[in-house]
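One structure is given here, and the rest of the page talks about it.
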Amino acid sequence: MTRLTDLPGTIPVFPLPGALLLPRARLPLHIFEPRYLAMIDDALKTPERLIGMVQPAPVPGRTEKGLHRIGCAGRVTQFSETEDGRYMITLTGISRFRVSQEVEGFTPYRRCEVSWQGFDRDRSAGPEADECFDRDRFLRLLDRYFTARDLQADWQTLKDADDELLVNSLSMLLDFGPEDKQALLEAPSLGTRRETLVTLIEYRMRGGEGDMMQ
């Protein structure tokens, strides 16, 4: 379990549209832009090795996009460097956070003051359960969705996965738009995230495309 006192008040943020990180999940990233290479270099020098993943949000009249208020911080748990200087990293989700304000400074990447309050469940030692999860019904829906979109799946792995791993992995991997990904991130419980995921899948199967949660 990660204690609240172990988490810093200011973290670097990576505003990557459509990239979703959730607590206890893993997100592989390919880093090649100079400002984000610098961000990784600096993060690796800290004891926490945290990067905040957050969805950008358009701001009228500004060229630089704003940030959604809620993101998820991940610890760099795997790291390798290619011969041409790019980084391949894996972030493991630690906790969601709420952006308090963006920090002005001299780093080429963006940093934010954040609050970790209200996300205690994220930092628990074990996975979250979904007591109302009808797994058979969910997998039947998923089978129809994968067939309609010509997607492949390791069904045995999906059947064996615990509730949190199944719901969170699908939330991260399926091709929903940034606003839909944000809705999945902000779901207050695993059950709510599963319900949101079902709604998004059913919407897509009815022919809806793009962001539903605008």
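Against the list (1) under 16 Å from Cys72 (Cβ atoms); (2) crowded, with 17+ Cβ neighbours inside 10 Å; (3) in contact (Cβ under 8 Å) with a residue 60 or more places away in the chain; (4) of a type in the set (Gly, Ala, Ser), the condition Ala183 fails is (3). Only one of the numbered conditions (1) of a type in the set (Phe, Trp, Tyr); (2) in contact (Cβ under 8 Å) with a residue 40 or more places away in the chain; (3) in the same structural domain as Gly52 (by TED's automatic domain parsing) is not met by Tyr145, and that is (3).
Whether a residue is closer than 30 Å to Ser189 by Cβ and either assigned by TED's automatic domain parsing to the domain that holds Asn168 or not in a strand (DSSP E or B) (or both) was assessed, and Leu29 does not pass this test.
The set of residues in the range 149-200 that are within 18 Å of Ala129 (Cα to Cα) and either assigned to a loop (DSSP other than H, G, I, E, B) or in contact with a Pro (Cβ under 6 Å, 6 or more places away or on another chain) (or both) comprises Ala161, Asp162, Glu164, Ala187, Pro188, Ser189. Against the test of being in a strand (DSSP E or B) and out of contact with any Leu (no Cβ under 7 Å at 6 or more places or on another chain), the options Gln117, Gln78 yield a single qualifying residue, Gln78.
When Ala125 is tested against (1) under 21 Å from Ala161 (Cα atoms); (2) of a type in the set (A, V, I, L, M); (3) surrounded by 16 or more Cβ atoms within 10 Å (Cβ to Cβ), exactly one condition is not met: (3).
Is it the case that the range 39-59 has a residue that's surrounded by 13 or more Cβ atoms within 10 Å (Cβ to Cβ), of a type in the set (Gly, Ala, Ser) and under 16 Å from Val99 (Cβ atoms)? Yes, some residue in the range 39-59 is surrounded by 13 or more Cβ atoms within 10 Å (Cβ to Cβ), of a type in the set (Gly, Ala, Ser) and under 16 Å from Val99 (Cβ atoms).
The values are calculated or read from the model by the stated rules, or taken from the named source; none is laboratory data. A quick note: this is a predicted structure, and the numbers were derived from the prediction, not measured. As a convention, Cβ positions derive from the backbone with ideal geometry for all residues, glycine included, and neighbour counts pool all protein chains shown.
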